[in-house]
Amino acid sequence: MTVSGKEGVLPGFDLHMHSTASDGALSPSELVAMAVEASLEYIALTDHDTLAGLAPARRAADAAGVTLIPGVELTCLWQRRVLHLLGLGIDPGYPGWRDYMARLTELRTARAETIAHKLVARGVVPDTILEQARAQAGAGQIGRPHFARALQAAGVVSSENEAFDRYLGQGKVGDVQAQWPDVPAAIDIIRKSGGLSVLAHPTKYHLTFSRLRLLLAELARFGIDAIEIGCPNVSQEQVGLLLRLAESLNLKISSGSDFHRPEMVWTRLGRFPRVESDRHLIHDFIGR
Ligand code: AMP
Ligand code: MN
Ligand code: MN
Ligand code: MN
């Protein structure tokens, strides 16, 4: 098992990306076109709390000769903390998804109303911010990034990052809590729909490494399948630590860019630290 830059050992792949079905800038078919451009052979579309992009992505991927791994990124709660779990290789037709997704849409719709209310009460944003955020979301699942874009378009901030720093990020007025499903519920539906569950971007939860170790031990007891290790911004040292953690808990590993938009140059499609390992769950999808 090695951590290296050995590209070409595996076909090009990327197991974490977003489309206009949630907070990505590209439609599913534009995303597939970009994957072809980046010489990717296996891609997982993992929109936040929706499966709506998977059918158009399937059509585009089949036409382009790219293997689409149907995925999702589920927002869920662990000890009042919000975590993101990827489901990879899920069956979008699994009947249980209908109620599960309806609940998430309800939570996101209600949360958006609360976010708008709080921002307006602050007196710094236009009264129409909810309509503007909804317009940014279009038919997609609404989230804080749509508020960030609306705030930028309204001239309240000059970048999405500034919107998160001042209004939407952790602990800010627009960081509204919601009763997301808990981790066992997310793991359960991913498994029942035939997928593998993966803790997304483990270094992004503001946890010390020892708390992360506790979290992962608990997630392993809940039956999670994998940890995402090859994420942009993860250092080689963190890759090593996470790999050892995966080994000790007998978890698989995954990697993906978490691509949202072409302008974010540090999250290009297919770009993330390479982790060559028998534990990598890409092996479950190659030659399936
Ligand atoms: P939500 O799912 O609505 O809570 O929004 C979470 C999404 O916001 C993440 O998936 C990122 O795409 C985006 N996001 C979170 N924090 C930041 C940040 N500091 N700057 C820019 N985008 C962010
Ligand atoms: Mn996102
Ligand atoms: Mn995420
Ligand atoms: Mn993501």
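Does the stretch 1-12 contain any residue that is touching a helix residue (DSSP H, G or I) at 6+ places or on another chain (Cβ under 9 Å), in a strand (DSSP E or B) and in contact (Cβ under 8 Å) with a residue 40 or more places away in the chain?
No; the residues of the stretch 1-12 include none that is touching a helix residue (DSSP H, G or I) at 6+ places or on another chain (Cβ under 9 Å), in a strand (DSSP E or B) and in contact (Cβ under 8 Å) with a residue 40 or more places away in the chain.
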**Asked** Checking HIS16 against (1) within 14 Å of ligand 1 (Cβ to nearest atom); (2) touching a helix residue (DSSP H, G or I) at 6+ places or on another chain (Cβ under 8 Å), which test does it fail?
**Response** (2)
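Filter the stretch 128-160 down to residues that are in a helix (DSSP H, G or I) and either in contact with a Ser or Thr (Cβ under 9 Å, 6 or more places away or on another chain) or more than 16 Å from ligand 3 (Cβ to nearest atom) (or both), then give me how many there are. Before you say what the answer is, go through the steps one by one.
To start, the set of residues in the stretch 128-160 that are in a helix (DSSP H, G or I) comprises 129-137, 144-153, 160.
Next, from what is left, pick out any that are either in contact with a Ser or Thr (Cβ under 9 Å, 6 or more places away or on another chain) or more than 16 Å from ligand 3 (Cβ to nearest atom) (or both): 129-137, 145, 147-153.
Going through the stretch 128-160 one residue at a time, the tally reaches 17.
Please pick out the residue among VAL72, VAL66 that is of a type in the set (A, V, I, L, M, F, W, C) and more than 16 Å from ligand 2 (Cβ to nearest atom). Quick ask: steps written out before the conclusion?
On the way: VAL72 fails: more than 16 Å from ligand 2 (Cβ to nearest atom).
Selected residue: VAL66, the only one of VAL72, VAL66 that is of a type in the set (A, V, I, L, M, F, W, C) and more than 16 Å from ligand 2 (Cβ to nearest atom).
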**Message:** Looking only at the stretch 259-281, filter to residues that are at pLDDT 95 or above and within 24 Å of GLU218 (Cα to Cα); which one of those is surrounded by the fewest Cβ atoms within 10 Å (Cβ to Cβ)?
**Reply:** ARG279
**Message:** It is to be established whether one or more residues within the stretch 71-80 are more than 12 Å from ligand 1 (Cβ to nearest atom) and surrounded by 24 or more Cβ atoms within 10 Å (Cβ to Cβ).
**Reply:** yes
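Specify which of the listed residues (ALA33, ALA25) is more than 16 Å from ligand 1 (Cβ to nearest atom) and closer than 19 Å to ARG261 by Cα. Reasoning before the result, please.
Values: ALA25 fails: more than 16 Å from ligand 1 (Cβ to nearest atom).
ALA33 is the lone residue from the list that is more than 16 Å from ligand 1 (Cβ to nearest atom) and closer than 19 Å to ARG261 by Cα.
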**Subset of the stretch 199-211 [more than 11 Å from ILE227 (Cα to Cα) and among the hydrophobic types (A, V, I, L, M, F, W, C)]** = LEU207, PHE209
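Please state which one of LEU88, LEU83, LEU45 is within 15 Å of ligand 1 (Cβ to nearest atom), among the aliphatic types (A, V, I, L, M), under 13 Å from the mean Cα position of the chain (by Cα) and closer than 14 Å to GLY256 by Cα. Steps first, please.
Numbers: LEU88 fails: within 15 Å of ligand 1 (Cβ to nearest atom); LEU83 fails: closer than 14 Å to GLY256 by Cα.
Exactly one of LEU88, LEU83, LEU45 is within 15 Å of ligand 1 (Cβ to nearest atom), among the aliphatic types (A, V, I, L, M), under 13 Å from the mean Cα position of the chain (by Cα) and closer than 14 Å to GLY256 by Cα, namely LEU45.
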**Message:** Can you find a residue that is among the aliphatic types (A, V, I, L, M) and within 16 Å of ligand 4 (Cβ to nearest atom) anywhere in the stretch 112-130?
**Reply:** no
**Asked** Any chance the stretch 170-191 includes a residue that's acidic (Asp, Glu), in contact with a helix residue (DSSP H, G or I) (Cβ under 8 Å, 6 or more places away or on another chain) and surrounded by fewer than 23 Cβ atoms within 10 Å (Cβ to Cβ)?
**Response** yes
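The values are calculated or read from the model by the stated rules, or taken from the named source; none is laboratory data. Quantities reported herein were computed from a predicted structural model and do not represent experimental measurements. Glycine also receives a Cβ, built like all others from the backbone with ideal geometry; neighbour counts cover every protein chain displayed.
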